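The structure appears below as structure tokens.
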Amino acid sequence: MNNVELQPKAELFRAMHGGPAILVLPNAWDVASARVLEQAGMQAIATTSAGIAFSLGYPDGQRISRDEMIAAVARIAKAVKVPVTADVEAGYGNRAQDAARTAKAVMEAGAVGINLEDSTGNPERPLVDLPLAVEKIKAVREAGRAAGVALVINARTDVYLENVGAPETRFDEACRRGKAFRDAGADCVFVPGVTDSETIGRLVQQLKCPINILAGPGSPSTRELQGLGVARVSMGSKPMLAGLGLLRRLVREVTEKGTYSALEGLVTHSEMQKMLGA
């Protein structure tokens with residue numbers, strides 16, 4: 001897909017962040033999961049970097065190479081008709097130009113959005129220095145501009161997810177980073193690790209831009225999040241891990257009881273064949 005074809009998809013995906021309905025993105029980790037999500041009516045497909053890494057035998061945290069991650073994104077983007085946004089962790093490098101290179105590869109893969117985080121993976125220094133994080137976002141924005149694609153940037157801060165600083169300081173720090181990301185050109189600010197409605201509502205009010213919340217058990221419902229003004233809700237690696245949890249339950253059932261009820265409700269072989277074009 002060339003950049004002329006990508007730009008309308010980028011515009012469509014950006015518009016999804018403007019309501020009136022919240023954008024729901026259960027994340028995909030391979031072609032099969034992406035096709036199931038598309039057939040189920042998802043307006044767009046978001047990849048999960050952790051899910052892709054796990055499926056290829058890597059732990060999370062930029063242990064997978066840029067090339068392997070982009071190859072997985074490309075296979076997904078080729079297999080679906082809806083817009084695809086790629087989770088590329090912290091951009092696969094410690095420089096702004098590394099993030100720009102990754103953004104260029106994302107567009108070449110056929111994706112029109114990018115998820116860029118500020119996590120380092122280093123417990124002693126868990127977040128990328130704010131000036132560098134801002135420069136990465138600017139570099140990604142410029143890479144899209146140079147390619148003629150208004151890449152949709154979802155800028156993620158892991159202040160809450162990594163429990164950075166004293167609890168009473170996290171809200172202000174998340175807002176400081178979120179505002180800087182917004183002003184640098186991010187279309188949406190992603191604050192994973194926040195699950196209480198009061199804090200989520202305050203983030204929406206303070207940041208004054210589309211907000212992405214990571215959802216799971218214990219999170220407010222999508223209806224509640226929409227009422228709080230949240231624009232986008234995603235699930236990260238949880239759908240992929242839920243599938244592995246089902247596999248574990250299945251094995252326990254068949255080895256302990258000799259029965260197979262965990263297989264009820266599965267996607268059938270014929271359905272999958274049809275989804276993949278057989």
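No lab work stands behind these numbers, since they all come straight from the coordinates. Computed from a predicted structure; not experimentally measured. Glycine also receives a Cβ, built like all others from the backbone with ideal geometry; neighbour counts cover every protein chain displayed.
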Interchain or sequence-distant (5+) residues whose placed amide H lies within less than 5 Å of the amide H of residue 127 are 120
Dipole magnitude of the chain about its Cα centre (Cβ charges: Lys, Arg +1; Asp, Glu -1), debye to nearest 20 = 480
Put a dot 7 Å past each Cα toward the Cβ at residue 248 and residue 263; how far apart are the dots in nm?
-> 2.2
Got a sec to turn the phi values of the range 44-60 into Karplus ³J(HN,Hα) couplings, 6.51 cos²θ - 1.76 cosθ + 1.60 with θ = phi - 60°, whole Hz, x for Gly and Pro?
-> 8, 10, 10, 8, 10, 5, 5, x, 5, 4, 4, 5, 9, x, 10, x, 6
For the range 174-183, take each phi angle, set θ = phi - 60°, evaluate the Karplus expression 6.51 cos²θ - 1.76 cosθ + 1.60, and give the result in whole Hz per residue in order, putting x for glycine and proline.
-> 4, 5, 4, 5, x, 5, 5, 5, 4, 5
Amide H neighbours of residue 46 at under 5 Å, excluding residues fewer than 5 places away on the same chain, with H built from the backbone geometry, are 28, 85
List 182, 177, 249 from most exposed to least, where exposure is judged by having the fewest other Cβ atoms within 10 Å.
-> 249, 182, 177
Amide H partners (placed H, <5 Å) of residue 193, local residues excluded = 214
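I need the trypsin sites (Lys or Arg not before Pro) found in the range 8-73, filtered to DSSP loop residues with at most 16 other beta carbons within 10 Å of theirs.
Of the trypsin sites (Lys or Arg not before Pro), the ones in loops of the range 8-73 whose Cβ has at most 16 other Cβ atoms within 10 Å are 63.
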Antiparallel content of DSSP bridges confined to the range 3-235, in %, to 5 = 5
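On full extension of the chain, what length is gained from residue 274 through residue 43, given 0.36 nm per residue of separation minus the C-alpha to C-alpha distance?
Roughly 81.2 nm would be gained on extension.
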Sum of -39500 (n - 2.57) over DSSP H runs of 4+, divided by residues of the chain (222 nm, nearest 500) | -15500 deg cm²/dmol
Added length on full extension, which subtracts the Cα-Cα distance from 0.36 nm per residue, residue 65 to residue 12 = 16.1 nm
